[in-house]
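One structure is given below, encoded as structure tokens.
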Amino acid sequence: MPAKNTVHNSAENDIEKEGIAPENEMNSLEDEADTDDVSSDEEDALESDEAPSVLEMDRQPEEDIGKKINQLRLAKGYSQRKLARMAGVTNTSISAIERNKVSPAVNTLKAILLVLGSDLTTFFSDEWKEPKARVVVTPKDLIELSEPSSRVSLKQVYNCSTTKNLGFLIETYQPNSSTEEKIAHEGEEIGTVIEGKVLIRIEETTYLLNEGDSYVIDTIKPHTFINPTDGVTRIVSAHTPTTY
């Protein structure tokens, strides 16, 4: 895309002007990629757990387990990574369950629901009520997906809709901060820098974006966002699918 090439072509000059460390000095900012994509082996492992799956407990196949877990998770303000860590499962498992790619074993579902403040009886109760979607999302309704200790804030605009196909984030990067890991997940993302500068590392290529620049990326490729400056960087972005 022309816009993206322009940003890329100016990256080396801008990086030199800003005194940004070369590529090999920035490797310490990166962790191993944590992909949401589930391999066939992981799916088999999820489905072949010693405990029976939820759908084997006289539940109808159309029970939308993934959607319910997604609603409970967002209501708690947890990212998929945080829920996975607290429940003792992998992030790929949570991603696959929320997208109904696999049915969780009973013990796995119990562990997830315990973290989310629910239980099997309530989860499958006829009294389960889907939250009502709202039109206006106020600042207090934004869901913070980052850890409290993180210097990167990712606030999700969530209106309780169960049918939305687009996620939207308001991102704030404190000076000299980064996402601290290579992130990879199914879908695509588009965003605009509304204040400051940001480095986007996609696999082995680094792009420098200034205020007003936008990006469009295939999020299946491991990527890292870095604020290399002494000022605050702000970004607004949209992504698909809505899970994060």
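The GluC sites (Glu not before Pro) of region 161-213 that DSSP puts in a loop, and whose beta carbon has at most 10 other beta carbons within 10 Å, are Glu204. Straight-line cross-link reach from Lys101 at under 29 Å between alpha-carbon atoms covers these lysines, not counting any fewer than eight positions away in the same chain: Lys67, Lys68, Lys76, Lys82, Lys110, Lys129, Lys132, Lys155, Lys164, Lys182, Lys221.
Kirkwood analysis of region 71-141, using all unique Cα-Cα pairs, places the hydrodynamic radius at 13.3 Å. If you plug the beta carbon distance of Leu166 and Val232 into 1/(1 + (r/R0)^6) with R0 = 22 Å, you get a FRET efficiency near 0.25.
For region 83-131 versus region 162-205, the spacing of their alpha-carbon centroids is 26 Å. Sites listed here are GluC sites (Glu not before Pro) in region 93-146 whose DSSP assignment is loop and whose Cβ has at most 11 other Cβ atoms within 10 Å: Glu127. Given 20 °C and 1.002 mPa s, compute D for region 96-244 with the Stokes-Einstein relation, Rh being the Kirkwood radius over Cα pairs; round to the nearest whole µm²/s. This corresponds to a translational diffusion coefficient of 124 µm²/s.
With 0.36 nm allotted per residue and the present C-alpha distance subtracted, the Lys140-Asn159 stretch has 5.7 nm of extension available. With 0.36 nm allotted per residue and the present C-alpha distance subtracted, the Thr205-Asn100 stretch has 34.4 nm of extension available.
Taken together, the values in this text are just the output of simple stated rules run on the coordinates, not laboratory data. Please read all numbers here as calculations on a predicted model, not as lab measurements. Every residue, glycine as well, gets a Cβ built from its backbone with ideal geometry; the counts of neighbours run over all protein chains shown.
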